[in-house]
Amino acid sequence: MGGFFGVASNDNCMFDLFFGVDYHSHLGTRRGGLCLYSEEKGFDRAIHNIENSPFRTKFERDFEVMRGHYGIGCISDNEPQPLIVRSHLGNYAITSVGKVNNTPDLIKMLFERGYSHFLEMSGGDINQTELVAALINQKDSITEGLLYVQEVIKGSICVLILTPEGIYAMRDRYGRLPVVVGRKNGAHCASFEDFAFMHLGYKNCHELGPGEIVFFNENRMEIKASPRQEMKICTFLWVYYGYPTSTYEGINVEEMRYRCGSSLAKRDREKGIMDATEVAGVPDSGTAHAVGYANESGIPFARPFIKYTPTWPRSFMPTTQKKRDLIAKMKLIPVEPLIKDKSLLLIDDSIVRGTQLRETTEFLFDSGAKAVHVRPACPPLLFGCKYLNFSRSNSEQELIARRVIAEREGTTEVPLDKLQDYANPESKNYKEMELEICKQMKFTTLAFNRLDDMVNSVGIEPCKLCTYCWSGQE
């Protein structure tokens with residue numbers, strides 16, 4: 001997915017920028033970038049590949065030499081950024097987070113208007129952030145350009161723009177991702193994650209609403225475009241992507257996951273399924289859900305396998321699924337005394353393709369487990385996300401739920417109304433799909449979290465949450 005951080009300070013901002021960006025390392029694994037501005041040097045930029053080494057290690061030398069009062073930076077799963085742009089709007093640096101789905105149409109439109117070429121290429125594709133800059137430059141001011149971006153882009157995009165006068169921050173039109181402004185004496189910052197500036201001395205100053213645009217420097221913050229009314233923030237931020245200390249729309253991630261696990265336990269109690277001897281979470285994102293289940297059910301929480309983190313990167317870092325699955329398996333070390341002859345109830349944040357969880361279940365049985373009951377913290381994923389880059393799936397048929405549906409229906413071309421019937425936990429199709437997934441994954445039992453329970457665990461109005469990947473409803 002990716003994350004960003006920006007600082008405007010009356011002093012050198014490199015320290016705050018460096019650590020503010022580093023606190024977004026859980027959101028991306030490919031590239032990191034920093035750009036600072038000072039009157040003496042102008043724009044000064046550094047971009048590094050962070051696939052095999054963490055952000056701090058790659059940017060240590062830059063930390064010692066780069067200086068500026070204003071700066072922006074990012075962790076990116078895609079294109080190298082920030083970019084430095086020279087246009088009729090002046091010189092500026094730009095970084096973005098999100099997903100543009102209508103790139104070919106936008107490129108065609110720009111070429112027809114006389115735009116000559118794009119310079120930055122990412123894996124053979126036009127750099128998404130340069131495309132955003134090209135759209136901004138179609139207008140007579142940065143604010144007008146950012147509003148234009150919201151109108152013409154299909155998908156979702158959040159932006160930071162660094163100018164010699166200060167920094168612009170924009171949240172995407174439907175608020176699918178968060179942007180928050182922090183403040184301390186003599187400085188403002190903008191961040192994807194609010195906890196990223198906690199230890200840097202900033203206090204939460206302003207959480208941007210959907211489509212809102214603000215400008216800030218070291219002394220002040222000004223709203224350039226008011227927030228829109230309609231919001232569709234990504235629910236998966238709480239279920240999986242968000243760091244446990246993160247808070248979005250006033251709802252803390254860790255607390256939401258406790259409630260999510262609790263709702264799973266209540267459903268099992270209603271069904272009379274409470275025969276597990278231990279509750280465990282697949283680390284790290286399943287752990288809090290498991291704590292919530294254990295607290296509600298009274299079944300002890302345990303850690304029958306431990307994640308070995310000193311040398312292994314995140315499991316989805318490699319470019320091939322085979323390597324990601326292998327690394328995920330090698331990272332989890334079983335604790336056999338907590339597995340042998342135990343009936344385990346295992347909670348993962350989700351089941352996407354199913355490969356990693358199936359292998360986890362196999363080594364639990366190989367280590368002597370009597371039973372492995374699985375309770376994913378979210379419903380079956382039936383639709384690929386159209387708005388954010390949170391999955392590397394190339395096709396919806398990589399989703400295990402869609403593969404099972406295709407097997408049942410005899411085709412991959414399943415109508416939307418039929419897919420939505422499979423998404424209904426009260427339907428016959430849903431229950432039979434769930435049983436088939438359980439059989440293929442070799443679980444003892446399987447019960448997905450219900451969409452209504454998951455939404456209630458978040459605790460904000462359902463109409464403000466995006467649940468497209470589970471329901472198919474926009």
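Within region 235-243, identify whether any single residue is outside any helix (DSSP H, G or I) and among the hydrophobic types (A, V, I, L, M, F, W, C), and answer yes or no. Scanning region 235-243 turns up no residue that is outside any helix (DSSP H, G or I) and among the hydrophobic types (A, V, I, L, M, F, W, C). Where helices (runs of 4 or more DSSP H) fall entirely within region 377-474, those with at least 3 residues that are under 28 Å from Gly2 (Cα atoms) and touching a residue at least 60 places away in the same chain (Cβ under 8 Å) are at 451-458, 468-471. In summary, Leu119 fulfils each of the numbered conditions (1) surrounded by 24 or more Cβ atoms within 10 Å (Cβ to Cβ); (2) without any contact (Cβ under 8 Å) to a residue 24 or more places away in the chain with the single exception of condition (1). Apart from one condition, Leu146 fits all of (1) of a type outside the set (Val, Ile, Thr); (2) buried (at least 23 other Cβ atoms within 10 Å of the Cβ); (3) in the same structural domain as Gly292 (by TED's automatic domain parsing); the exception is (3).
Where in region 48-152 are the strands (runs of 3 or more DSSP E), entirely inside, with at least 2 residues that are among the aliphatic types (A, V, I, L, M) and in contact with a Gly (Cβ under 7 Å, 6 or more places away or on another chain)? Outline the logic, then answer.
On the way: elements: 70-76, 83-87, 90-100.
Passing ranges, in order: 70-76, 90-100.
Being in a strand (DSSP E or B) and free of Cβ contacts under 8 Å to residues at least 40 places away in the same chain is the filter here; which residues of region 163-192 pass it? Once the filter is applied, which keeps residues that are in a strand (DSSP E or B) and free of Cβ contacts under 8 Å to residues at least 40 places away in the same chain, region 163-192 yields Val180, Gly182, Arg183, Lys184. Using the structure shown, decide if Ser9 is more than 28 Å from Asn185 (Cβ to Cβ) and either free of Cβ contacts under 8 Å to residues at least 12 places away in the same chain or touching a helix residue (DSSP H, G or I) at 6+ places or on another chain (Cβ under 8 Å) (or both). Considered against the rule, which asks whether it is more than 28 Å from Asn185 (Cβ to Cβ) and either free of Cβ contacts under 8 Å to residues at least 12 places away in the same chain or touching a helix residue (DSSP H, G or I) at 6+ places or on another chain (Cβ under 8 Å) (or both), Ser9 comes out as no. For Gly211, are the conditions met, namely being within 30 Å of Glu461 (Cα to Cα), buried (at least 19 other Cβ atoms within 10 Å of the Cβ), without any contact (Cβ under 8 Å) to a residue 24 or more places away in the chain and not assigned by TED's automatic domain parsing to the domain that holds Asn449? So Gly211 does not fit the description; no.
Taking region 9-47 only, how many residues are acidic (Asp, Glu), over 23 Å from Tyr241 (Cβ atoms) and part of a helix (DSSP H, G or I)?
From region 9-47, those acidic (Asp, Glu) are 11, 16, 22, 39-40, 44; that's our starting set.
The next check asks that each one be over 23 Å from Tyr241 (Cβ atoms); those that pass are 11, 16, 39-40, 44.
Still in the list and also part of a helix (DSSP H, G or I): 16.
Matching residues across region 9-47 total 1.
The values are calculated or read from the model by the stated rules, or taken from the named source; none is laboratory data. Computed from a predicted model, the values in this text were never measured in an experiment. In this analysis, Cβ positions are derived from the backbone assuming ideal geometry, glycine residues included, and neighbour counts consider all displayed protein chains.
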